[in-house]
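The values are calculated or read from the model by the stated rules, or taken from the named source; none is laboratory data. Small disclaimer: the values here were computed from a predicted structure and weren't measured. Heads up, the Cβs are rebuilt from the backbone with ideal geometry, glycines too, and the neighbour counts pull from every protein chain shown.
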Amino acid sequence: MFYGAVVWDPWLIVSQIVCLQCLYYLTLGLSTAVLVGSRVSRMSLFYLFDYSAVDASSVTGLCVIASSLFAALAGAGFMLYLIERAKKCLDFSATLYIIHLFICIVHGGWPSSFTWWVVNGTGLAVMALLGEWLCIKRELRDIPISRLRASKLVLL
């Protein structure tokens with residue numbers, strides 16, 4: 001893909017946001033099912049969207065925190081393949097966590113837990129910074145031109 005060829009494509013941006021959000025929640029759901037599902041008798045959306053589930057004083061709450069941070073790490077990897085640009089990683093990470101905040105507000109009210117804000121702020125920072133770092137590493141790779149030179153020599 002040539003960067004800069006298409007300056008403004010809102011459908012691409014919306015589809016990237018939707019894909020990233022879906023992959024994030026898939027990862028969050030699976031990691032919560034593995035870590036929290038073994039500790040509780042019944043899984044529900046409470047562990048994904050309710051701020052009171054994020055509790056550092058219980059083992060179940062620590063498992064919820066661990067699954068949230070794992071989903072942030074995975075989200076950085078998803079951005080490497082979906083977004084592909086380091087300068088867009090912060091925008092997409094912030095968008096993901098703002099949408100997550102709205103979903104949490106609808107599900108359980110305004111998050112009044114300090115722990116919830118710290119965990120989600122840390123997740124945002126991890127996703128944005130690690131995503132940027134991964135994208136920069138990919139953008140700065142050398143372009144292999146030895147194959148190109150070899151094919152031109154054969155043609156001559």
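Could you list, in sequence order, the residues of region 23-59 that are in contact with a Phe, Trp or Tyr (Cβ under 7 Å, 6 or more places away or on another chain) and either assigned to a loop (DSSP other than H, G, I, E, B) or under 17 Å from Val118 (Cα atoms) (or both)?
The answer is Val36, Tyr51, Ala53, Val54.
Just one of the numbered conditions (1) exposed (fewer than 12 other Cβ atoms within 10 Å of the Cβ); (2) at pLDDT 95 or above is not true of Leu30; which one?
Looking at each condition in turn, Leu30 falls short on (1).
One residue is enough: does region 74-82 have a residue meeting the conditions over 14 Å from Gly29 (Cα atoms) and without any contact (Cβ under 8 Å) to a residue 24 or more places away in the chain?
Within region 74-82, one or more residues are over 14 Å from Gly29 (Cα atoms) and without any contact (Cβ under 8 Å) to a residue 24 or more places away in the chain.
Quick check, is Ala86 within 11 Å of the chain's Cα centre (by Cα) and within 30 Å of Leu140 (Cβ to Cβ)? Can you show your working first?
Numbers: within 11 Å of the chain's Cα centre (by Cα): no; within 30 Å of Leu140 (Cβ to Cβ): yes.
Spelling it out, it is not the case that Ala86 is within 11 Å of the chain's Cα centre (by Cα) and within 30 Å of Leu140 (Cβ to Cβ).
Which one of these does Leu62 not meet: (1) at pLDDT below 95; (2) part of a helix (DSSP H, G or I); (3) over 19 Å from the mean Cα position of the chain (by Cα)?
It fails just one condition, (1).
So which residues in region 105-137 are more than 22 Å from Cys89 (Cβ to Cβ) and not aliphatic (A, V, I, L, M)?
His107, Gly108, Gly109, Trp110, Pro111, Ser112, Ser113, Phe114, Thr115, Trp116
Of all residues in region 81-96, which are of a type outside the set (Lys, Arg) and surrounded by fewer than 18 Cβ atoms within 10 Å (Cβ to Cβ)?
Tyr81, Leu82, Glu84, Leu90, Asp91, Ala94, Thr95
Checking the condition part of a loop (DSSP other than H, G, I, E, B) and of a type in the set (Gly, Ala, Ser), which residue from Ser68, Ser112 passes?
Exactly one of Ser68, Ser112 is part of a loop (DSSP other than H, G, I, E, B) and of a type in the set (Gly, Ala, Ser), namely Ser112.
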